[in-house]
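What follows is a set of notes on a single structure, which appears directly below.
The values are calculated or read from the model by the stated rules, or taken from the named source; none is laboratory data. The structure displayed is predicted, hence computed values, not measured ones. Cβ: placed from backbone, ideal geometry, glycine included. Neighbour counts: every protein chain shown. In case anyone asks, the SASA skips ligands and DNA or RNA and just uses the protein heavy atoms, side chains included. Shrake-Rupley method; radii C 1.70, N 1.55, O 1.52, S 1.80 Å.
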Amino acid sequence: MSTEIESDPTFLDKFPQEARVVRAALLSSFFALFLGAIFGIVQTLHRTDIFRGLISSAEYYTVLTAHGVFLVISFTVFFLVGLFTWAVTRSLDRPVVNIKITWTWYAIMAAGITMTGVSILAGFTDAIDMSADVLFTFYAPLQAHPLFYTGLAVFIVGTWLAGADWFRTWLAWKDDHPDERIPLQTFMVLTTMAMWYIATSAIAVSVLAFLLPWSLGLIDQVNPTLTRTLFWFFGHPVVYFWLMPAYMLWYTVLPKIAGGRLFSDPLARVVFVLFLLLSTPVGIHHQYLDPGIAEGFKFISMTNTMFLLLPSLLTAFTVVASVEYGARQRGGTGLLGWLTDLPWRNPAFTGMMLAGLMFAAGGFSGMVNAGMNINYMIHNTIWVPGHFHLTVGTAVALTMMAGTYWLWPQISNKPIYSKPIGLFQVVLWFIGMALMSNAMHAQGILGVPRRTAEPEYAGFEYSTAFGGFGELNVQIAIGGTLLFVSTILFIGNLVLTMGNPKVSGLAETLPPALSGPEDAPQVLDNLRLWFAIALVLVVLAYALPIAAIINRGGLFGPGVDAFPVWVTPAFDVLTDATGALVGTVTETVASNLRFSEVLR
Ligand code: HAS
Ligand code: CU
């Protein structure tokens, strides 16, 4: 390593305060990963009937909810806020406007998720009258304790403030650099957050107007189709909220580790704009089998979903091209021979590449899901968990772990404790997931349901219907166990890394793209325009289906007035008060008029 590189400052050297927030967010994320992994191994062994000594089948839903919520809400989102804080600060090369605000949103998020977590874990004991066995999709008719919804609302407000913090930092930067293009990483953060604001608006309405009042007993019932639809309005774009941090690492860090540069900055911008525009108007593809939504709306959602494949296909092209460029810089040749010239011993590189490879498979199973007719075959089967363990469970989770091997030294000045263990860990994840997810897909095609501790129907033997059921269960259990071991190795390696002494010379700079922002049309940076178009698309996709759902099933469920009972007395008080006020005002005005008449 040259002395010049050794003297470069790391992120921690330049921005010590921000580095602390990033570390805190990442550690919160990995704590959730640890908890989620424990619930994961318990449920995989229970469901496959390999080991049932820890929980009863009735407790399965508490375990499944904890597994889902800790992983797809706490693990992913805390990692995202850490990574995005790093990315904004690094790419704008300036500190956040006010670090106290940054700590405030972190604290709000932590408080919110603690409330939600407590409400779920309380389900394990009868000593506290509280439970939230509603799974990570938490729509009606399943009902959780109010603390669950309150915690989620607080958590989401925390993420909104985080977004505001990054927008504000960018605006401050823009004042000093009026004619410059938005740096790529900041552009990625801002477009992702714009999408997040649109997506979370629906879940905020669902929680605050329906689910929370319902669980508090303020309203008697809700319209389940409506809360499901509002959930999926949010529930599809949320998958890209998980994915965008991984994409950021693939676009901006992976090419550097490969020894090259990002192939095209403009293409990366196009991809993030496309996600902002297309992520939200597709949620109904989770509801192809829901009654109460017309087929035509489902068809429109399917068509939109097929368009949404485009940004990921563009990503496959751009990222592989950047990696190939890196390999050729390192002397790689041939049609595929360059693949051997890549830094495969580096866990950050290999982890991200394996994550990308699995995402290709996950993307293909997503295409199957998205086809309305074939969806009927796999919906609510264990095929779907097979799909999302490749996407969020590998493309996202494995990239986050692999990315940490690269990022942690930058934010702590401590070298990774053991890179060989890191390498073993990411490969183990790949093998474990290949086994588990493949067997899940296979069982799903055979009709094995998801979300149950007892997948066999009463009076029906899978093993006589198809002999491989037991064997597939063993594959799932072995895969799940390898994933658990891999998580423990990751966390152990990180804990040992934290015990390492600080050293200098760890700084890594990210090179500019081969085709830079100057090649991108200026309009790409017009965030207001894209946000406005995204809103229009959402209204076009959702206004009619939601109106039809309310028209058919009532705002608060069938047979209930358009407003809840407690609103009527409140409404009466309000009209009486308004009446009295209006009366007084008119009388005063009238007497004044008379007075003026007298004067005249
Ligand atoms: Fe999905 C259900 C459709 C992507 C997550 N999805 C789910 C659920 C989750 C989830 C959690 O249309 C279950 C929800 C529940 O509990 O019910 N999904 C899609 C489609 C895509 C897709 C079309 N899903 C994701 C991502 C997720 C995710 C991303 C999380 C992060 N999904 C569905 C549908 C359902 C569904 C239906 C409902 C199913 C049902 O009936 O319930 C697309 O976005 C996928 C596009 C991806 C590609 C792949 C491109 C390949 C790339 C790899 C590059 C390679 C590299 C490395 C970098 C077209 C980018 C190369 C390596 C070398 C060695 C060369
Ligand atoms: Cu989806």
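A 1.4 Å probe run over the protein chains yields, for region 135-192, 36 Å² of accessible area per residue, whole-number rounding.
Computed in the context of the full set of protein chains, the accessible area of region 96-232 at 1.4 Å probe radius has 64% of its extent on carbon or sulfur. Computed with every protein chain present, the accessible area of TRP338 is close to 20 Å² [probe 1.4 Å]. Taking the protein heavy atoms of region 1-92 in the context of the full set of protein chains, the accessible area attributed to carbon and sulfur is 61 percent at 1.4 Å.
Which cross-chain or sequence-distant (5 or more) residues have an amide H under 5 Å from the amide H of SER515, H modelled 1.01 Å from N in plane? Under 5 Å from the amide H of SER515: SER264, ASP265.
Relative contact order of region 35-93, taken over Cα pairs closer than 8 Å and 6 or more residues apart, is 39 percent. Using a simple spin-label model with pseudo-atoms 7 Å out from Cα toward Cβ, LEU446 and LEU313 lie 3.4 nm apart. Going by accessible surface with a 1.4 Å probe and the largest first, LYS298, LYS502 read LYS502, LYS298.
Between ILE533 and ALA107, the FRET efficiency from the beta-carbon distance, with R0 = 41 Å, is close to 0.70. Summarising the overall dimensions of region 25-169 from its C-alpha atoms, the Rg and Dmax are 17.1, 54 angstrom. On region 388-511, 68 percent of the accessible area sits on carbon and sulfur atoms, based on a 1.4 Å probe.
One decimal place: the segment SER201-GLU471 gains 92.8 nm when fully extended, by the rule 0.36 nm per residue minus the C-alpha distance. Indicate the gyration tensor shape class of region 102-153 (rounded, prolate or oblate), computed on the Cα atoms with a ≥ b ≥ c the square roots of the eigenvalues: a/c under 1.5 is rounded; otherwise a/b larger than b/c is prolate and the rest oblate. Note, shape of region 102-153 comes out oblate. From its DSSP helices (H runs of at least four residues, each -39,500 (n - 2.57)), the chain gives a residue-normalised ellipticity at 222 nm of -23000 deg cm²/dmol.
Computed on the chain, with alpha-carbon pairs under 8 angstrom and 6+ residues apart, the relative contact order is 18 percent. For a label point 7 Å from the Cα of GLU180 along Cα→C-beta, name the residues of region 66-94 whose backbone N is under 16 Å from it. Under 16 Å, as judged by backbone N against the label point of GLU180, lie 87-94 of region 66-94. The Cα center of region 420-452 and the Cα center of region 518-559 differ in position by 35 Å. The C-alpha atoms of the chain occupy a region whose extents along the principal axes are 99, 74, 48 Å, arranged from largest to smallest. Using the 1.4 Å probe convention, the accessible area of region 398-460 works out to 35 Å² per residue with neighbouring protein chains retained.
For the pair PHE299 and ALA577, a Förster radius of 45 Å applied to the C-beta separation gives a FRET efficiency near 0.35, rounded to the nearest 0.05. Measuring nothing but how far apart in sequence close Cα pairs (under 8 Å, 6+ apart) lie, relative to its length, region 52-172 scores a relative contact order of 35 percent. When all protein chains stay in place and ligands, DNA and RNA are ignored, the 1.4 Å accessible-area order of ILE546, ILE411, largest first, is ILE546, ILE411.
The candidates GLU295, GLU508, arranged from most to least accessible area with a 1.4 Å probe in the full protein assembly, appear as GLU295, GLU508.
Listed peptides 110-117, 365-372 appear in the order 110-117, 365-372 once ranked by packing, highest mean of other Cβ atoms within 10 Å at the front. Straight-distance candidates among the lysines for linking to LYS100, with alpha-carbon spacing under 25 Å and chain neighbours fewer than 8 residues away dropped: LYS14, LYS174.
When the square roots of the Cα gyration tensor eigenvalues are ordered a ≥ b ≥ c, the ratio a/c for region 416-575 is 1.5 or more and a/b does not exceed b/c, which makes its shape oblate.
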